[in-house]
């Protein structure tokens, strides 16, 4: 049972009130802000339970013995400050989305009793709307407040507008039916969106507009045709074809025909791999759902990072770096699928990456020699496609292969731990795979040699 007097509304009001500390980001150095966040973490861990804080514990927290959300909240803020130490406006914006978006979504969602979201019946449309509206307002207000403390000072258009898009992104992330704590997933999504939008400049966007408008017509026609063909060929579901078509339109319009060919090659690799050894996988009960048809979640998870990179490449000045991230993310998505499907079809010895103990094919977090080799070959092949369509250089092929491999390893470790325990699902792991690949590629290309 919870402590007497427990109120979910009171907890959420306190959750939002903590955003008042974000006002200090305007006057504190990042070191001072980090020290404050770590002090808050220590307080929540040690003193809060002794000062009546147990009244904030949910029933599940009482059974567990500690409240993960109350601990993760200041930890997430500390990580944001450490990662974006030179852009505390991004920290403030993400903090505002977390505090006001997540808090109001819970309060409104519990009272609305309205339409449930089709992908997560535990969430309501009213709650999602409240998240986006209140998260956008809170994020914009705090980012604008912290703006004078950043050098060079960001444009008011960015600090007022970017949190709106970040709130939409984080709002949908919050509705994903996984057990990962919202105090971690929401600020991560919001900060990633704010950072990506900070790479876009008005001059680059204005210069790209005529080209993008000219490409829109062919992009719609080509992707509508390919989406229909994929559905007829039973490689994607109808909703998957629709999501893939939207992704394809954005990639073609922003990245051009070369980026779209990279997307198509990734999809082709995944589609062919899903058909390999299908009879054996069906007999073992490890074949892809829907007969191998890919759904919208799979398309978004595998292509979301690369699609974002295509937008940044078109609308920002960092074209080469964004294109490298695009190629690395697509290579990670395609090679991971090939490795998984080949391993399930022909892997002779499958071991769990965290324990190196033998497990049956298809086990989350498992790897095989055959699958790993196929993944490496596929990563190299997709990197070569990136070179042939003029998205990257031969000198960067090794970066793409290493980045894709790093993403696969992280995904396998998380699959063996967090997916097996129900914290993450496969689509989330696929997204993490591509995000890690893109991040590793950036680190490798920017690191001094």
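Readers should treat all values here as calculations from the given coordinates under stated rules, not as data from a laboratory. Values in this document were obtained by computation on a predicted structure and should not be read as measured data. Here the Cβ positions follow ideal geometry from the backbone for every residue, glycine too, while neighbour counts run over all protein chains shown.
Structure above, values below:
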item	result
Degrees between helix 397-414 axis and first principal axis of the chain (Cα, 0 to 90, nearest 10)	60 degrees
Fluctuation leader among 222, 399, 176 - the chain, Gaussian network, Cα springs under 10 angstrom	222
Degrees, to the nearest 10: 156-174 long Cα axis against longest axis of the chain	70 degrees
Distance-filtered residues of region 149-175 - backbone nitrogen under 19 Å, label point 7 angstrom along residue 23 Cα→Cβ	149-150
Stokes-Einstein translational diffusion, the chain - Kirkwood Rh over all Cα pairs, 1.567 mPa s, 4 °C, in µm²/s	56 µm²/s
Sequence-separation-based contact order of region 381-449, relative, with Cα cut under 8 Å and 6+ spacing, percent	35 percent
Helix 319-346 vs. the chain, principal-axis angle (Cα, 0 to 90°, nearest 10)	70 degrees
Zero-based 10 Å bins, Cα pair distances in region 38-166, whole percents	13, 30, 34, 20, 3
Estimated [θ] at 222 nm from DSSP helical runs (n ≥ 4, -39500 (n - 2.57)) normalised by residues in the chain, nearest 500	-23000 deg cm²/dmol
Value of relative contact order over the chain, rounded to a whole percent, pairs C-alpha under 8 Å and six or more apart	12 percent
Added length on full extension, which subtracts the Cα-Cα distance from 0.36 nm per residue, residue 54 to residue 242	62.9 nm
Förster radius 30 Å - calculated FRET efficiency between residue 229 and residue 388 (Cβ-Cβ, nearest 0.05)	0.85
Packing-based exposure ordering (other Cβ within 10 Å, fewest first) of 134, 303, 36	36, 134, 303
Average silhouette area of region 20-92, convex hull of alpha-carbon atoms, in square nanometres	5.1 nm²
All-pairs Cα distance distribution in region 204-446, expressed in whole percent, bin size 10 Å	9, 33, 36, 18, 4, 0
Label-point separation in nm, residue 153 to residue 117, each point 7 Å along Cα→Cβ	3.7 nm
Of 32, 174, 370, the one that fluctuates the most in a GNM where the chain has Cα springs shorter than 10 Å	32
Ranked list, fewest to most other Cβ atoms within 10 Å of each Cβ, for 232, 344	232, 344
Candidates 422, 46, 244: whichever shows maximal mean-square fluctuation once the chain is modelled as a Gaussian network with Cα springs under 10 Å	46
